[in-house]
Amino acid sequence: MVRVENLTKSFGREGIFDINLKVEKNSICAIIGKSGSGKSLLLKSILGLIKPDRGEVYLNGFNVYRSKYRDLKKVRTKIGVLFQNNALFDSMNVFKNISLPILYNDPDYNEELLNKRILEILEILSLPDIRFKNIKELSGGMQKRVAIARCLIMEPSLMFYDEPITGLDPLTSSKIINLLIYIHRNLNKTTVVITHDLKSFVDYVDQILLIENGRELFFGTKKEFLNFDNEIARSYLKW
């Protein structure tokens with residue numbers, strides 16, 4: 001589902017260097033690293049938002065950097081991305097925020113069907129009918145769920161979550177994590193979580209990529225990571 005080969009993007013001494021990653025279908029991979037380690041740059045490079053200096057990226061078998069833009073645009077419709085700041089529009093209500101991906105790709109989409117789909121997703125996310133509420137009226141946890149709803153509206157097979165619990169209180173964080181795992185297991189998603197907080201996700205992940213100073217320090221299974229004799233790796237498991 002996701003394959004990265006020798007991916008490099010440098011800005012002088014900063015950047016990412018020779019990153020390799022392979023995420024199997026229906027698995028969960030955590031990409032971890034401290035702030036400034038290159039996690040966000042890697043995500044943008046995987047999504048085709050920043051062109052790397054060298055290396056290859058495949059999403060669902062599709063080569064991101066060796067294909068035409070219209071083909072990449074089509075592939076992106078099957079990829080859900082939850083950005084760290086949610087990327088919601090305060091000037092729009094919940095309905096308009098969630099419907100944006102569909103209306104961007106098909107402006108004439110049937111409104112009745114769209115309403116039905118949004119209500120179904122809100123139910124999955126344990127949200128009441130808040131379609132016509134303003135974003136500013138919602139708590140941080142509810143805004144996060146609305147952002148997840150927008151990810152799900154195109155029925156993606158691949159989900160990326162960028163620091164999904166940063167800034168949330170412990171109880172809300174726990175609820176969001178449980179929701180992400182529910183979506184993964186019950187909606188059959190392949191999941192990539194970018195986080196500096198491995199402890200909160202370690203019980204659920206299949207694979208872990210650890211980036212340190214833009215370079216791959218570790219990539220492998222959770223079991224291999226737990227047995228990895230490295231001080232930096234161990235620091236992510238300390239309570």
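Quick note: the coordinates plus some simple rules give every number you see, no bench work behind them. This is a predicted model, so every value here is computed, not measured. Virtual Cβ from ideal backbone geometry, glycine too; neighbours counted across all protein chains shown.
Can you quote the Å³ per residue value for the convex hull of the Cα atoms in the chain, rounded to an integer? Walk me through the numbers before you get to the answer.
On the way: hull volume 30.5 nm³, N = 239.
Measuring per residue, one finds 128 Å³ for the Cα hull of the chain.
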Residue farthest toward the positive end of the dipole of region 89-155, with Cβ of Lys/Arg at +1 and Asp/Glu at -1: which of Met142, Met92, Asn110? Met142
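Ignoring everything except DSSP H segments at least 4 long, calculate the 222 nm mean residue ellipticity for the chain; use -39,500 (n - 2.57) per segment, divide by total residues, nearest 500. Provide the component values of the computation, followed by the final result.
Working: 8 runs with 82 residues, N = 239.
It lands at -10000 deg cm²/dmol.
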Quick one: angle between helix 170-186 and the longest Cα principal axis of the chain, in degrees between 0 and 90, rounded to 10, please. 90
Which of the residue pairs Lys39/Lys222; Lys39/Lys133; Lys34/Lys78; Lys74/Lys133; Lys73/Lys223 have a Cα-Cα distance greater than 25 Å in the structure shown? Lys39/Lys133; Lys34/Lys78; Lys74/Lys133; Lys73/Lys223
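Quick one: Kirkwood hydrodynamic radius for region 89-155, alpha-carbon pairs, angstrom, one decimal?
11.8
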Any idea what the relative contact order of the chain is, in percent, if you count C-alpha pairs under 8 Å spaced at least 6 apart? 29
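How large is the dipole of region 89-155 about the Cα centre if only Lys and Arg carry +1 and Asp and Glu carry -1, each at its Cβ, rounded to the nearest 20 debye?
Numbers: 9 positive and 10 negative charges, 68 e Å.
Using Cβ point charges on Lys, Arg, Asp and Glu, region 89-155 gives about 320 debye.
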Label point at His196 placed 7 Å out along Cα→Cβ; residues across region 135-172 whose backbone nitrogen lies under 14 Å: 163-168
